[in-house]
Amino acid sequence: MAGGFGTRMRPLTCNIPKPMLPVANRPVMEHGLKLLKKYGLSDIRVLLYYHPQVIREFFGDGAPLGLSLTFVTTDTDLGTAGAVRYAQKEHGDSAIVMSGDVLTDFDLAAVLAYHKEKGSKATLVLTRVTNPLAYGVVITAADGRIVRFLEKPTWGEVFSDTINTGIYVLEPEALALIPDGKEFDFSRNLFPLLMEKNIPLYGYVATGYWRDIGSLAEYRQAQVDILRGEVDVEIQGQKTGRIGKDVWLGDGSRVDPSAKLRGAVVLGKRCRIGPGAQVANAILGDDCTVERGAIVADSVLWDHVAVGAEAELKEDVVASHCSIGAKAFLAEGVVVSDHCQIGAAAVVKADVKLWPYKTVEEGATLSTSLVWGEKWSKSLFGAYGVTGLTNVEITPEFAAKLGATYGATLPEGSTVIVSRDSHKSSRLIGRAVMSGILSTGVNVHDLQAVPIPVARFAIRSTGDAGGLHARRSPFDRRITDIKFLDAAGMDLSSAKEKGIEGLFFREDFRRADAEATGEITFPQRVLEYYKEGLLAAVDAGTLKSAKLKVVVDYAFGSAATIFPSVLGELGCEVVALNAYLDESRLTRTAEEFDAALGQLSTIVPTLKADLGVLMDAGGEKVFLVDETGRILSGDEALAAVILLGLKSGEVKALAVPVSASQAIEEMARPFGAEVVRTRTTYRSMMEVAASGRVQVAGEGTGGFIFPRFHPAMDAMCATVKALEFLAKAGEPLSRVRATVPDYAMVREHVPCQWEMKGSIMRHLIEATKDSQVELLDGIKVRHDGSWVIVMPDGDRPLFHVNAEAPTEAQARQLAGRYLDMIRSWQE
């Protein structure tokens, strides 16, 4: 399989396909071909698409390697499985499928023997890795049969550290299931079809080396692994072993006696290392020169690279036909594409990339890539969107690039909504993001300062392609959050987030012509439309008749600009707290939040109010106080609102996360209501809400969704629906809460190194194989009347362990068992 574009490897793959990337001075695909030959596989069909002539011209018919190569190209994208079917359409043989850009030394004879022994129709070669997020995670039964797999999971979906390597052994019966001439993928289509038809599908866990060269970091690491002797591949040249060093010299290469070679060094043909030069743990291609006193350390140089006197390279990759001037300095992580010139005494800062045919003038300092910008982070998106230190990590330059990346994922001429909170830093970042979006030919509807639910509602009502909201973090005054929304006003899916991340780090997105750049407009009556929609989604008559009294703390957020008029039209008597915009108070510490709730719990019974509500500054979540002044915990508020909805007769089906209390099912059972369990992400809850299956969705930290209005968390909607349910119930909130089934919930966490998360999940799966286990999100294990759930945190190196039981002591004992298991596996 050699047809990929290699976009994540740019700028190295601007002019060559990824299988031709040199690894130890030979194309990575050549190492794969030699591995196949080693195990007697010589009839090879190579599927080409991107720069096919480069591969054809280099390998020819394969005779010099003792192989028979047939090149196959298609005009359309048939998917991975569809392309293999196309290549095999005239041949009815069994086949082994392998990627042309993977470096491995697996024992293929053992793979084929296992395949034959099991009578498998399709065998996936598996391996174990420390970070399985970028791969397909696979779970096998004791006999090796595959029972579950998931492509590129989130941490909550990681059930093992065993992943799919992309090496398959396929029998004609499996190949026959691939439709001819249609797009068909192995992981998304063929393998699920085999499982559905109960056709034998096995996984072989291989030992040995395997690395998917899918990123620039992985590419350089593969070279490091070769130098360390961790992978069995052929290295050309004469090995001259000395104490403390292994040096391979290509034909015609010369090393000055005063030069120092340290660690493992590979020199191609006709290289020249000058007096006093130092080369350490490096690979140099053919016809490279390193002049007097220069240093090349932990780096990879392709063919025809000249390094000037006293220049210094550390942990860099330099492609073919480049020159590095005297006394130039390339910091760690620099990638220089082909035909570039770095002038004398120039400085190239860490992680900068240069696209082909670029020039850095003599004495210049280059701190941003010569295409777009700098590398900021390993990943962009976290639990709260894109977050970072304001004006340090989330800078105007970063925000503009992020906006351009987002805009490039949308069609030119489309429109997105941009909104923010009232803080001046959010205005700054929002405008920078808008400039990037406009540069790609995408228009912007600027809503300015509105609550996040209003922005979500506006996207759905205008039919815009998506949107984003910039805000000061409610948890940390130093942080800015940028939340991206899809065309339905919901959080972006993880697939969309990964697509934006990939494009951001590749730094390869479009710019519109001057006349095609986007425009900014300011939609009118957005708040009015939102108010009309909200009023239409509630039983206004019942609320007006009840004449309920409510105390609302707006937390200085923008909900104060719209919600008082909504409550006024519903006939509620309202006491408003902090009902004005104050950008300096949008973020509250835990102590300030608790103090605000305490103040609310005092005011509500003093004023004889029916309900107290504290909103978050973004207008998404609510925290409730009953008429007696009792502050309801998040779990209590969730259960109470759901029970009120069930009693009202409106709620026939509801959705809660897998981590919510089992009391929910107990309450729903007498009403004949369906309970749908979701993953713990907001996106998962929104998807279920948008499906039309449920009338309410909620979670244990104040988030409620009423999809009749819109499928998003909305504090204003949640407040009026809670008031409506109270009016219909005709009983106070305290009495409703008292009838909720009583369970004790404990929430703990335990530190865990990132690279061990996958293996911990695999150990946990194995340890609970005889228990009642649910794998919706994390691993949930049911015990008699109790349950525990173990979830890896997506942003931090730790596991969450939540347990529920009839008593707190039982819940703590259950959680403690699993905490101890995780600690012991780490040891």
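The values are calculated or read from the model by the stated rules, or taken from the named source; none is laboratory data. What you see is a predicted model, and the numbers here were worked out from it, not measured in a lab. Don't worry about glycine lacking a Cβ; one is built from the backbone with ideal geometry, like all the others, and counts go over all protein chains shown. For accessibility, only protein heavy atoms count, side chains too; no ligands or nucleic acids. Shrake-Rupley method; radii C 1.70, N 1.55, O 1.52, S 1.80 Å.
Values computed for the structure shown
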| item | result |
| --- | --- |
| Residues of the range 657-686 satisfying the condition of being under 23 Å from the mean Cα position of the chain (by Cα) and not charged (D, E, K, R) | 657, 658, 659, 678, 680, 681, 682, 684, 685, 686 |
| Residues that are open to solvent by 10 Å² or more (accessible area, probe 1.4 Å), assigned to a loop (DSSP other than H, G, I, E, B) and small (Gly, Ala, Ser), drawn from the range 111-130 | 119 |
| Complete set of residues in the range 1-22 that are in a loop (DSSP other than H, G, I, E, B), of a type in the set (A, V, I, L, M, F, W, C) and without any contact (Cβ under 8 Å) to a residue 60 or more places away in the chain | 5, 16 |
| Those residues of the range 586-617 which are assigned to a helix (DSSP H, G or I) and surrounded by fewer than 14 Cβ atoms within 10 Å (Cβ to Cβ), in sequence order | 590, 591, 592, 594, 595, 598, 602, 606 |
| Subset of the range 67-93 that is hydroxyl-bearing (Ser, Thr, Tyr) and in contact with a helix residue (DSSP H, G or I) (Cβ under 7 Å, 6 or more places away or on another chain) - its residue that is farthest from residue 29 (Cα to Cα) | 74 |
| Selected residue (criterion: least open to solvent (accessible area, probe 1.4 Å)) from residues of the range 23-54 that are in a loop (DSSP other than H, G, I, E, B) and closer than 23 Å to residue 209 by Cα | 24 |
| Long-range neighbours under 7 Å by Cβ, at least six apart or interchain, first residue over 16 Å from residue 745 (Cβ atoms) within the range 799-827, second part of a helix (DSSP H, G or I) and of a type in the set (Gly, Ala, Ser) | 821/767 |
| Whichever residue in the range 364-396 is modelled with pLDDT under 80 and among the aromatic types (Phe, Trp, Tyr) and, among such residues, is nearest to residue 480 (Cα to Cα) | 376 |
| Test: residue in the range 193-210 that is touching a Pro at 6+ places or on another chain (Cβ under 8 Å) and charged (D, E, K, R) | no |
| Close pairs (7 angstrom Cβ cut-off, 6 or more residues apart or separate chains): basic (Lys, Arg) in the range 320-333, at pLDDT 95 or above and open to solvent by less than 40 Å² (accessible area, probe 1.4 Å) anywhere | 327/311 |
| Yes/no for residue 753 being within 21 Å of the chain's Cα centre (by Cα), open to solvent by 70 Å² or more (accessible area, probe 1.4 Å) and more than 19 Å from residue 664 (Cβ to Cβ) | yes |
| Contacts under 6 angstrom Cβ, first residue in the range 109-136 being among the charged types (D, E, K, R), partner part of a strand (DSSP E or B) and open to solvent by less than 40 Å² (accessible area, probe 1.4 Å), 6 or more apart | 118/202; 128/162 |
| Any hit, the range 254-265, residues being in contact with a Phe, Trp or Tyr (Cβ under 9 Å, 6 or more places away or on another chain), closer than 21 Å to residue 224 by Cβ, touching a residue at least 24 places away in the same chain (Cβ under 8 Å) and not in a strand (DSSP E or B) | no |
| Odd one out for residue 545 among (1) crowded, with 20+ Cβ neighbours inside 10 Å; (2) closer than 22 Å to residue 607 by Cα; (3) of a type outside the set (D, E, K, R) | (1) |
| Spans of strands (runs of 3 or more DSSP E) in the range 441-517 with at least 3 residues at pLDDT 90 or above and within 21 Å of the chain's Cα centre (by Cα) | 467-472, 479-485 |
| Some residue of the range 428-449 being in contact (Cβ under 8 Å) with a residue 40 or more places away in the chain, open to solvent by less than 10 Å² (accessible area, probe 1.4 Å), among the small types (Gly, Ala, Ser) and in contact with a His (Cβ under 8 Å, 6 or more places away or on another chain) | no |
| Within the range 450-466, tally of residues that are open to solvent by 40 Å² or more (accessible area, probe 1.4 Å) and either more than 20 Å from residue 530 (Cβ to Cβ) or in contact with a His (Cβ under 7 Å, 6 or more places away or on another chain) (or both) | 2 |
| Residues satisfying the stated conditions in the range 345-365, i.e. closer than 17 Å to residue 307 by Cβ and surrounded by fewer than 19 Cβ atoms within 10 Å (Cβ to Cβ) | 345, 347, 359, 362 |
| Elements of type strands (runs of 3 or more DSSP E) in the range 776-825, at least 1 residues being closer than 21 Å to residue 740 by Cβ and touching a helix residue (DSSP H, G or I) at 6+ places or on another chain (Cβ under 7 Å) | 786-792, 798-805 |
| Filter result (under 17 Å from residue 407 (Cβ atoms), among the aliphatic types (A, V, I, L, M) and open to solvent by 20 Å² or more (accessible area, probe 1.4 Å)) within the range 467-491 | 487 |
| So residue 720, is it open to solvent by less than 10 Å² (accessible area, probe 1.4 Å) and not in a helix (DSSP H, G or I) | no |
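Residues checked against (1) part of a strand (DSSP E or B); (2) in contact with a Phe, Trp or Tyr (Cβ under 8 Å, 6 or more places away or on another chain):
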residue: 87; (1), (2): no, no
residue: 99; (1), (2): no, no
residue: 109; (1), (2): no, yes
residue: 137; (1), (2): yes, yes
